[in-house]
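No lab work stands behind these numbers, since they all come straight from the coordinates. Note that the structure is predicted; figures quoted are calculated from it, not measured. Because the Cβ atoms are built from the backbone with ideal geometry, glycine has one as well, and the counts that use them run over all protein chains shown.
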Amino acid sequence: MRLVLVGPPGAGKGTQAQFISAHLGVPKISTGDIFRANVSQGTPLGQEARKFMDAGDLVPDEITIGMVRDRLAEPDAKSGFLLDGFPRNVPQAQTFDALLVEASTPLDVVLELVVDDDEVVRRLSGRRTCRNCGHIWHIDFDPPSNEGTCDICGGELFQRDDDKPETVRHRLEVYYEQTSPLVGYYAEAGILVGIDAMGPVDDVTDRAIAALRTYDK
Ligand code: AP5
């Protein structure tokens, strides 16, 4: 299956991507994760992306699209993928559509996670991510047994720089201005399915998998 997750920052895209990609047997490809890995390795791509990420702005399209094209050319993405965080605006979606048409591999479905803004702020203010395996935790909603340590691999947990309250507010504005038009774009293409992403993580996963069942190939 070729699937895109869309939703505001903190909707739970990364959290659900972990479970859905395992369920479908396709790689989870997160542009945010790829950018963050480049930032922590200090690559030229990371140094460029960091300026935009720290401000809560989108990284320029030409950088992002080239990065995704390279990642999708890797062998594990040949039989499907789950994209988390890309496309992020209509120009990215249009360029991506053209790439997929050229490869005769159109998207099967775009899954929208619907949550309200207050929940976004609650979720992002308590998010902690494992520096080693990337697992996503929450200090209240999904706490690890030992504060600051990942239950899965023992790695150190950290708080993302862009989860500061003022940056979160700006990321939400960027979402409504630039990313939310994708909902109409993909609805018009007839491949959008939306689910209620409020409530416990497991319930959201169940709703997502049920919604995707008709598209699973
Ligand atoms: P990115 O990493 O994509 O961030 P985002 O879209 O803002 O989304 P988040 O990762 O913040 O949230 P999420 O929806 O994945 O939530 P999560 O599952 O972690 O992008 C970061 C930056 O990179 C951008 O600002 C931009 O600069 C750049 N970038 C990336 N892609 C780009 C692109 N295509 N073009 C240009 N620039 C790009 O959950 C959040 C918290 O809530 C966690 O603590 C989790 O445990 C908790 N939680 C999840 N679900 C639930 C639940 N059901 N109940 C309670 N808690 C929950």
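A few points about this structure:
- Within a straight-line Cα-Cα reach of under 14 Å, Lys51 can be paired with the following aspartates and glutamates, leaving aside sequence neighbours fewer than 8 residues apart in one chain: Asp161, Asp162.
- FRET efficiency estimate (nearest 0.05) - Cβ-Cβ, Asp61 to Ala187, R0 25 angstrom: 0.70
- In this structure, Thr43 and Ala211 have a Cβ-Cβ separation that, at R0 = 41 Å, corresponds to a calculated FRET efficiency of about 0.65.
- Largest mean-square fluctuation among Gly32, Gly14, Gly42, in a Gaussian network model of the chain whose springs join Cα atoms under 10 Å apart, belongs to Gly42.
- Cross-link reach is defined here as a Cα-Cα straight distance under 17 Å, omitting same-chain residues fewer than 8 places apart; for Lys78 the aspartates and glutamates meeting it are Asp70, Asp97, Glu102, Asp108, Asp216.
- The alpha-carbon atoms of the stretch 75-199 define a convex hull whose volume equals 138 cubic angstrom per residue.
- GNM flexibility winner over the chain from Leu100, Leu172, Leu182 (Cα, springs under 10 Å): Leu100
- Taking the centroid of alpha carbons for each part, the stretch 3-32 and the stretch 36-64 are 20 Å apart.
- Once the Cα gyration tensor of the chain is diagonalised, semi-axes √(5λ) in Å: 25, 21, 18
- Bins of 5 Å, starting at 0 and running to the largest distance - Cα pair percent for the stretch 1-94: 3, 13, 24, 25, 21, 12, 3, 0
- Per-pair calculated FRET efficiency, R0 = 22 Å: Phe141 and Asp70 via Cβ, rounded to 0.05: 0.05
- Among Ala17, Ala98, Ala197, the largest mean-square fluctuation in a Gaussian network model of the chain, built with springs joining Cα atoms closer than 10 Å, belongs to Ala98.
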